[in-house]
1. Expressed as a rounded percentage, what relative contact order does segment 100-182 have, with Cα pairs under 8 Å and six or more residues apart?
2. Over the chain, how many percent of alpha carbon pairs lie in each 10 Å bin up to the one with the longest distance?
3. Once the cut-off is 18 Å, how many percent of the Cα-Cα pairs in segment 219-282 end up in the long-distance tail?
4. With viscosity set to 0.890 mPa s at 25 °C, what whole-number translational diffusion coefficient in µm²/s follows for segment 162-312 from Stokes-Einstein and a Kirkwood radius over Cα pairs?
5. Cross-link partners among lysines for K149, C-alpha distance below 17 Å, same-chain residues fewer than 8 apart left out?
6. Please list the radius of gyration and Dmax for segment 80-230, considering alpha-carbon atoms only, with Å as the unit.
7. Neighbouring Cβ atoms within 10 Å as the yardstick, rank L302, L101, L90 fewest first.
8. So which aspartates and glutamates can K199 reach, going by Cα to Cα under 12 Å and dropping same-chain residues fewer than 8 places off?
Amino acid sequence: MPTSLVTGGAGFLGSHLCERLLAEGNRVICVDNLDTGTLENIEHIRDPRFDFVQHDMTEHLDVPGPIDEVFHLASPASPIDYLRLPLHTLKVGSYGTHNALGLAKRHRSRFLLASTSEVYGDPQVHPQREDYWGHVNPIGPRGVYDEAKRYAEAMTMAYYRQQGVNTHIVRIFNTYGPRMRPHDGRAIPTFIRQARDNKPITVFGDGGQTRSFCYVTDLIEGFLRLIASRYHLPVNIGNPGEYTILQLAEAIIAATASRSEVVFEALPIDDPMVRRPDITRARELLDWGPTVELDEGLRLTLASWDEAPTAV
Ligand code: NAD
Ligand code: UDP
């Protein structure tokens, strides 16, 4: 039975990945320090093939082998989390990635780094292609996240080129679904919480900035195809459907039949004005494309909130 190790496995994406890997027949070791993740995300997994290890990835980690693959997701991901944890974010992107790659090297495991569309910053190329190097402000408040991920990508390529580790890099574009925390500050859970409570929907700036939203199961399918591939350069995984944030707010108000009104608040510093993945590489190399569009993904996410905000 193959063994997969998932860092950040008690988080939003990590918990969905653990479930999918178990469904594929794997043994799963979930490593998390519970900084922004929670045991609630994994407590329903009652399976002898599943182990949870509470550990901070900025510290050396060893676990008994064999380990066939390491998915490195540990990192604060929401702007309010990485702005609250700036040094930790830099450390987990650097020491944490070094530790995860060292583990993969010792066990001769396949390795996948969860990188981000933030490596493109406020892009000058739109839609974003993987060969575009980005336009990032290293000293702005978002720099702690963007530069940590850029450093993590550089380290991953060094382990591939110099140490011979079988590495992969996925650049994740905004992904949503069940188990996002209602107060994690990201647009979709925030708008859903506000709409359900008939409270004002807080749109930052004039709401004209754009994002592309990928449903979580599509993203996880992309992870599995990429780590099984022989491709080592970064691959965008995201849904190219592009919406303004005002359109998103209106879609959530409609989907919840809410009485909420939109209020406009200050745009955060260095908030990218456009974001949309060019997924040609994922389509050609992995035969991957999104299957769940925004209205269906919002319906599935809202259905889970009717049970409990973090349930599926
Ligand atoms: P999340 O906050 O729900 O999950 C991150 C997990 O990492 C949490 O469980 C947290 O406790 C854990 N963690 C943080 N620091 C750690 C450390 N030092 N040691 C061990 N565990 C640690 O966020 P998410 O949305 O699930 O994001 C997961 C990964 O995907 C992150 O690397 C993030 O940068 C990346 N990503 C996510 C998105 C998205 O839209 N969700 C977009 C781009 C990139
Ligand atoms: N946003 C907003 N209101 C909120 C939260 C976010 O208008 O309450 C905006 C934010 O400024 C950004 C977009 O929604 O332009 C997506 O933000 P999110 O935090 O979800 O992800 P980001 O793409 O910034 O990492």
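What follows is calculated from the coordinates using simple rules that are stated; it is not laboratory data. Since the structure is predicted, the reported quantities are computational estimates derived from the model, not experimental observations. Because the Cβ atoms are built from the backbone with ideal geometry, glycine has one as well, and the counts that use them run over all protein chains shown.
1. On the way: 95 pairs, mean separation 34.1, N = 83.
41 percent.
2. All Cα pairs considered, the percentages come to 6, 28, 37, 23, 5, 0.
3. Values: 1173 of 2016 pairs.
Every Cα pair in segment 219-282 considered, those over 18 Å come to 58 percent.
4. On the way: Rh = 16.5 Å.
For the chosen part, D equals 149 µm²/s.
5. The qualifying lysines are K91.
6. Taking only Cα atoms of segment 80-230, I get Rg and Dmax of 17.0, 55 Å.
7. On the way: L302 16, L101 24, L90 19.
In increasing order of surrounding Cβ atoms, one gets L302, L90, L101.
8. The qualifying aspartates and glutamates are E261.
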